[in-house]
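Scroll down for the structure; my scribbles are underneath it.
The values are calculated or read from the model by the stated rules, or taken from the named source; none is laboratory data. These numbers come from a predicted model, not from an experiment. Cβ placement follows ideal geometry from the backbone for every residue including glycine, while neighbour counts extend to all protein chains displayed. Just so you know, the surface numbers come from the protein's heavy atoms only, side chains and all, with ligands and any DNA or RNA stripped out. Shrake-Rupley method; radii C 1.70, N 1.55, O 1.52, S 1.80 Å.
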Amino acid sequence: MPTSGFALGVDFGTSNTVAVLRSPDGRARSLLVDGSPLLPSAVYADPGGNLLVGRDAIHSARLDPARFEPNPKRRIDDHSVLLGDRELPVVDLIAAVLIRVAEEARRTTGGAPLDPVTMTCPAGWGPTRRGTLCAAAALAGWPRVRLVEEPVAAATYFTNVLGRQVPVGSVIVVHDFGAGTFDVSVVAKAAQGFDVLAVDGRDDIGGLDIDAAIVTYLGRQFGSTPEWQRLSAPTTVEDRRNRRLLWDDVRAAKERLSRSQSADIPIAQLGTDAHLTREELETLARPVLEQTVRVTEGALRWAKLAEGRLAGVFLVGGASRTPLVATLLHRALGEPPLAIEQPELVVAEGSLYATSIAGTRRANTVLFERVAAAPVSAPPPGAPTSGGPLPVSVPPVPSPTSGAPARPISTPPAQQVSSPPARPVSPPPPPPVRSIPPQAVRVPPAPTLTAARPQPRPPAVQPRPAATYRPRPNVFLRSLRLAIIVATLIAVPVVTAYLAFHFAEGTPAWPLNLTW
Ligand SMILES: Nc1ncnc2c1ncn2[C@@H]1O[C@H](COP(=O)(O)OP(=O)(O)OP(=O)(O)O)[C@@H](O)[C@H]1O
Ligand SMILES: [Mg+2]
């Protein structure tokens, strides 16, 4: 294993890929690709057989949108993707993005070898998807990668990088809401490092679903026009281009509505602008956001926290900038969440410090090695990747990195220059009431063996404090229940008296029409 002292953490996201490089002196900084820390994960297959990535791909998409894949991560289950006239293995699309990162890393380090590159993946990914990611990494020149789950990386960022004071026994919740996936983790500070009490996620919930809800909403307004029908089922290059533009404008309007109260969405084909208010957006986004809250509550229920152990809720991922995310979470958990300036960067940097978690049996960090991979010298940026068949259906065998020591979270690494300052979303949380159990609660989570969602974990191997975390009661349901009880208490004696009266009088009792 090379020991140059350079370490690279890569978060291959649905919309954006982020890489953070840690130098031998311990300083970590974002790799800038085309001047930005966010490299769009988009890929464009040009007619010459080259794969363009990032902003180049987005610009080229206007030429022929059928050659463009904006979110290869969402295609991870497809063996191949049709781009223009070519069927391309998904692993090649992912590799093209990683090759761009590898290029930039090589340029920055002057070609020094990297310690095993760390890559992140959603908690809900099983071995097949993880294997595909690692196969792509091998094509990018990283035959050995350390794989860290995104929520674990995010939790590590808050403890190791931001150095948040989380007392032993207290718990933080990391709510990572990206473009295509949602992950939540419940992490407890232990004397040595921290324990992951629960990790859950949905790999089909993200900011893209809010974009889709807006497009559907516009379709309800304009769907009867032939122009809209061409936008929803494009058949020509121009229609596809217009559809792409519409989705871009919808996303931009959604993001603007996090800062302002209204936004206009130009729909050139209809010769009009659609007007969207934040209130309308929130109505559309609410079903998606409520799912994230439910998953978070479920993870907390699973973790069975004792009263007062919740020390903070942290927001990660670009879509968490939507103000309603913090509002709903605050309402449900009773804890004002905390966000940072650039929530997209958290996972990549946190992954550099995530190691095997002391005290749990969960292999949160796994070393993947492509034994069969031929030595790869990464092609130049944008060069066509090998179109040959890749063994994506046979994932590499994971081996836990048991040798990696757990990093105590109370010791932030030296000189973290890239850590944006934390800013409270709402008034800073009050100091939590500490209830420190004799030892951190440990849950052996289910091994991530399948691509399906994580199943409920088996019971804890050690006794845990009684469950005292309760989600806030639903006020409407409580009122409804009270109203039914009061109505029943009134109705029973009235009906009894009514029937008794008619019984005594011997008259028919309407509506039963009984005579006595
Ligand atoms: N100001 C904003 N308001 C609302 N949403 C935003 C804002 N800024 C960015 N987003 C959304 O955040 C998402 C991108 O976030 P991020 O880069 O964290 O995702 P990702 O890492 O690519 O995806 P994933 O983690 O799901 O694979 C996009 O859906 C984008 O529209
Ligand atoms: Mg992400």
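Points to keep in mind about this one:
- In the stretch 128-161, the residues that are within 27 Å of R294 (Cβ to Cβ) and more than 16 Å from ligand 2 (Cβ to nearest atom): T128, T159
To keep it simple, each residue is scored yes or no on (1) among the small types (G, A, S); (2) more than 16 Å from ligand 1 (Cβ to nearest atom); (3) open to solvent by 50 Å² or more (accessible area, probe 1.4 Å).
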residue	(1), (2), (3)
G13	yes, no, no
P24	no, yes, yes
A28	yes, yes, no
P37	no, no, no
V43	no, no, no
D46	no, yes, no
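- Only one of L98, L197 that is out of contact with any Lys or Arg (no Cβ under 6 Å at 6 or more places or on another chain) and either open to solvent by 10 Å² or more (accessible area, probe 1.4 Å) or within 23 Å of A42 (Cα to Cα) (or both): L98
- Elements of type strands (runs of 3 or more DSSP E) in the stretch 1-88, at least 2 residues being within 16 Å of ligand 2 (Cβ to nearest atom), in contact with a strand residue (DSSP E or B) (Cβ under 9 Å, 6 or more places away or on another chain) and in the same structural domain as E150 (by TED's automatic domain parsing): 7-12, 16-22
- Members of the stretch 327-338 found to be of a type outside the set (V, I, T) and open to solvent by 10 Å² or more (accessible area, probe 1.4 Å), listed by number: L328, H330, R331, A332, L333, G334, E335, P336, L338
- Residues of the stretch 125-152 classified as open to solvent by less than 30 Å² (accessible area, probe 1.4 Å) and not in a loop (DSSP other than H, G, I, E, B), total: 17
- Test: residue in the stretch 73-87 that is within 16 Å of ligand 1 (Cβ to nearest atom), surrounded by 21 or more Cβ atoms within 10 Å (Cβ to Cβ) and modelled with pLDDT of 95 or more: yes
- Any hit, the stretch 111-124, residues being assigned to a helix (DSSP H, G or I) and open to solvent by less than 30 Å² (accessible area, probe 1.4 Å): no
- One residue stands out in the stretch 264-294 among those that are under 17 Å from Y217 (Cα atoms) and acidic (D, E): the one that is surrounded by the fewest Cβ atoms within 10 Å (Cβ to Cβ), namely E279.
- Within the stretch 176-204, the set of residues being within 12 Å of ligand 1 (Cβ to nearest atom) and within 8 Å of the chain's Cα centre (by Cα) comprises D176, F177, G178, A179, G180, T181, F182, D183, G201, R202, D203.
- The listed residue being open to solvent by 20 Å² or more (accessible area, probe 1.4 Å) and outside the structural domain of L276 (by TED's automatic domain parsing), out of V237, V168: V168
- Residue within the stretch 241-254 that is closer than 27 Å to R321 by Cα, modelled with pLDDT under 90 and within 10 Å of ligand 1 (Cβ to nearest atom) present: no
- Options R259, R243, R202: the member that is open to solvent by 40 Å² or more (accessible area, probe 1.4 Å) and within 16 Å of ligand 2 (Cβ to nearest atom): R202
- Listed by first and then second residue, the pairs linking a residue in the stretch 237-260 that is in contact (Cβ under 8 Å) with a residue 60 or more places away in the chain to a residue that is away from ligand 1 (no atom under 14 Å from the Cβ) and open to solvent by 60 Å² or more (accessible area, probe 1.4 Å), with Cβ atoms under 6 Å apart and 6 or more places separating them unless they lie on different chains, are R241/R62.
- Criterion (within 30 Å of S30 (Cα to Cα) and either in contact with a helix residue (DSSP H, G or I) (Cβ under 9 Å, 6 or more places away or on another chain) or within 16 Å of ligand 2 (Cβ to nearest atom) (or both)) met by exactly one of L329, L333: L329
- Total residues in the stretch 205-230 satisfying the condition of being under 18 Å from the mean Cα position of the chain (by Cα) and acidic (D, E): the figure is 2.
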